[in-house]
Amino acid sequence: CMQSVAAYAVVQYILQLKDRHNGNILVDSTGRLVHVDFAFMLGWAPGGITFEKAGFKLTKDMVDVWGGRGSPLWDEFVSLVFQGLQAVQTHHALIVRDIEVIVASGATFPFLQGATVPEQGRMQFRTLSKSKRAILRLLRRRFKLYKSPQKLQSYANALIEEAYENFWTRTYAKFQLLTNGIPP
């Protein structure tokens with residue numbers, strides 16, 4: 001379902017989900033995409049190597065199902081990604097707060113590797129390591145709160161263009177096929 005791909009694109013971009021191979025992406029009984037592995041996010045990738053440079057995964061196969069670029073479903077996808085970015089802007093404070101709690105909690109998620117834990121679980125963000133502060137700073141930047149609606153639309157279009165058939169996304173899919181037998 002194209003709408004779920006648009007929503008998934010926004011979530012991938014904001015949370016910087018990585019390890020986006022087909023073994024971690026499922027299609028439910030109604031045709032919606034569902035990401036099932038959240039171990040690698042907020043800039044952290046398997047092995048610490050970020051092959052996946054685009055903000056989200058958008059393959060030619062996905063777009064061909066909609067009738068290709070320039071089709072009515074493509075145009076709706078572009079519109080929905082923009083609307084999704086506007087929606088996350090509206091709710092950015094809640095999203096950032098939830099990630100701040102995770103970062104400050106001392107949890108041992110892979111994306112927090114190398115980050116130090118605050119004393120006794122106290123949530124004093126000035127005590128966060130540079131890597132934790134960077135995670136939060138980069139998350140806040142991805143909301144693009146300073147952009148006008150017109151500039152946000154242009155930004156959404158650029159994200160989509162970068163993601164569509166991205167070289168690094170395709171390379172990562174080939175890597176997964178060769179090393180793990182996961183088809184692209």
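The values are calculated or read from the model by the stated rules, or taken from the named source; none is laboratory data. What you see is a predicted model; the values in this text were computed from it and never measured. A quick note on method: Cβ atoms are made from the backbone with ideal geometry, for glycine too, and the neighbour counts reach across all protein chains shown. Remember, those area values only see protein heavy atoms, side chains included, never the ligands or the DNA or RNA. Shrake-Rupley method; radii C 1.70, N 1.55, O 1.52, S 1.80 Å.
If contacts are Cα pairs under 8 angstrom and at least 6 residues apart, what is the relative contact order of the chain in percent?
On the way: 232 pairs, mean separation 52.7, N = 184.
Once normalised by length, the contact order is 29 percent.
State in Å² the accessible area per residue of the chain; use a 1.4 Å probe, count heavy atoms of protein chains only, and round to the nearest integer. Display every interim value, and only then the final one.
Values: 9830 Å² over 184 residues.
On a per-residue basis, the chain sits at 53 Å².
Please give, to one decimal in nm, the separation of the simple spin-label points placed at PHE38 and GLN3, each 7 Å out from Cα toward the Cβ.
2.2
With r as the distance between the Cβ atoms of LYS60 and THR179 and R0 = 22 Å, compute the FRET efficiency 1/(1 + (r/R0)^6) and round to 0.05.
Details: r = 23 Å, r/R0 = 1.02.
The value I calculate is 0.45.
With springs only between Cα atoms under 10 Å, which of ALA156, ALA173, ALA107 fluctuates most in a Gaussian network model of the chain?
Highest fluctuation of the listed residues: ALA107.
I need the phi-derived Karplus couplings for region 79-90: 6.51 cos²θ - 1.76 cosθ + 1.60, θ = phi - 60°, integer Hz, Gly and Pro marked x.
5, 5, 4, 4, 4, x, 5, 5, 5, 5, 4, 4
Sorting THR179, THR108, THR59 by accessible area (1.4 Å probe), largest first, what list results?
In descending accessible area the options line up as THR108, THR179, THR59.
Between THR90 and LYS151, how many nm apart are label points set 7 Å from Cα along the C-beta direction?
Each label point lies 7 Å from its Cα, and together they span 2.2 nm.
With every protein chain left in place and a probe of 1.4 Å, what is the accessible surface of TRP44, to the nearest 10 Å²?
TRP44 exposes around 70 Å² with every protein chain in place.
Just by accessible area at a 1.4 angstrom probe, what is the order of ASP75, ASP19 from largest to smallest? If you can, show how the numbers build up before the last one.
Numbers: ASP75 90, ASP19 15 Å².
Putting ASP75, ASP19 in descending order of accessible area: ASP75, ASP19.
Give the carbon-plus-sulfur fraction of the accessible surface of the chain in %, rounded to a whole number; probe 1.4 Å, heavy atoms of protein chains only.
Working: 5860 of 9830 Å².
Result for the chain: 60 percent of the exposed heavy-atom area is carbon or sulfur.
Enter the Cα centre distance for the pair region 132-154 and region 1-39, rounded to the nearest angstrom.
Between the Cα centres of region 132-154 and region 1-39 lies a distance of 21 Å.
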